[in-house]
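The values are calculated or read from the model by the stated rules, or taken from the named source; none is laboratory data. Remember, it's a predicted structure, so these values are computed and weren't measured experimentally. FYI the Cβ positions are ideal-geometry reconstructions off the backbone, even for glycines, and counts take in every protein chain you see. All accessible areas refer to the heavy atoms of the entire protein, side chains included, with ligands and DNA or RNA removed. Shrake-Rupley method; radii C 1.70, N 1.55, O 1.52, S 1.80 Å.
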Amino acid sequence: MPAPVTVLSLLVEELNNGRIKVVDLTQPLDSDTPVIDLPPQFAPSPPFSKEVISRYDDKGPAWYWNTIHLGEHTGTHFDAPAHWVTGKDLANNTLDTILVRKLIGPACVIDVSKEVARYEDFLLTREHVQAWEGEHSKISAGSWLLLRTDWSRRQGREDYLNINEDGPHSPGFHPDCVKFLAHERDVLGVGVETVGTDAGQAGGFDPPFPAHNIMQGSGRFGLASLCNLDQLPPVGAIVIASPLKIVDGSGSPLRVLALTPA
Ligand code: 23J
Ligand code: MN
């Protein structure tokens, strides 16, 4: 008896014949991976480091393994609702309690790379999103909203964090846009190419860090330091973003994969 044709068997077939491809939205993780730079009154997050436990040597002749040390919010990483004070009392707000159904969802990709090339502090507004919806389709509930800025092409800590006398400069979301995405579009979360989901200057917004404040405060997620968003269509890709199951964890590095029509 032949195996039945199902959506899942078709998915495997399309992956095998190349009509659906897997795009890696993850940056490599090493000691050079830039970590967010907070004002000096706040505790810093350590960079990634690793040390060898054994490498086919006296400490373990047939095996290689390392110990790793890093902040939860390092490199390509996931923000859980408990990361922000606004999300601290929500149900299922930590990595070990998030509903697994939410770890797979469709992606809407808004390309503002041209605007960001002209203006580093570019902020996405509600009006930009509505114009995008007019061209493509209304954002369906439970979608990731991914902001394509091409910021991931910046190499090295200095260019990537882009800090000057008045702090970091990088693109993000206007507070009103975050409210719109959370409350009028019910997105799963927002994903960005920058070091965090908030714009560089967002510490001075009302509320401060609106993407964290409002997204995490309404049980939604964040994805930071993504790359390869230029390989995704505006609609039609599916994102798999599954953080470590750290008990009481606020976030973790993860491998973010997109399934997309070739
Ligand atoms: C802590 C404080 C402020 C921010 C962040 C972390 C992040 O961007 C993050 O990685 O979640 S803005
Ligand atoms: Mn984070």
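Things to note:
- The range 7-25 - residue that is touching a strand residue (DSSP E or B) at 6+ places or on another chain (Cβ under 8 Å) and of a type outside the set (Lys, Arg) and, of those, most open to solvent (accessible area, probe 1.4 Å): VAL22
- Residue that is open to solvent by 70 Å² or more (accessible area, probe 1.4 Å) and within 19 Å of ARG157 (Cα to Cα), where the choices are PRO39, PRO28: PRO28
- Test: residue in the range 11-30 that is closer than 24 Å to ASN162 by Cα, part of a helix (DSSP H, G or I) and either among the basic types (Lys, Arg) or in contact with a Cys (Cβ under 6 Å, 6 or more places away or on another chain) (or both): no
- Residues considered: SER218, SER252. Of these, the only one that is touching an Asp or Glu at 6+ places or on another chain (Cβ under 6 Å), of a type outside the set (A, V, I, L, M, F, W, C) and in contact (Cβ under 8 Å) with a residue 12 or more places away in the chain is SER252.
- Filtering the range 138-156 to residues that are small (Gly, Ala, Ser) and part of a loop (DSSP other than H, G, I, E, B) leaves SER140, ALA141, GLY142, SER143, GLY156.
- Residue list for the range 200-222, restricted to those being of a type in the set (S, T, N, Q), open to solvent by 10 Å² or more (accessible area, probe 1.4 Å) and within 15 Å of ligand 2 (Cβ to nearest atom): ASN213
- When SER113 is tested against the conditions (1) more than 17 Å from MET215 (Cα to Cα); (2) open to solvent by 50 Å² or more (accessible area, probe 1.4 Å), the lone failure is (2).
- Only listed residue being out of contact with any Asp or Glu (no Cβ under 6 Å at 6 or more places or on another chain), at pLDDT 95 or above, at positive phi and open to solvent by less than 20 Å² (accessible area, probe 1.4 Å), chosen from SER225, SER170: SER225
- Taken over the range 180-199, the residue count meeting the criterion of being open to solvent by less than 10 Å² (accessible area, probe 1.4 Å) and over 14 Å from the mean Cα position of the chain (by Cα) is 3.
- In the range 72-126, residue nearest to the chain's Cα centre (by Cα) [restricted to those that are in a loop (DSSP other than H, G, I, E, B) and among the polar types (S, T, N, Q)]: THR76
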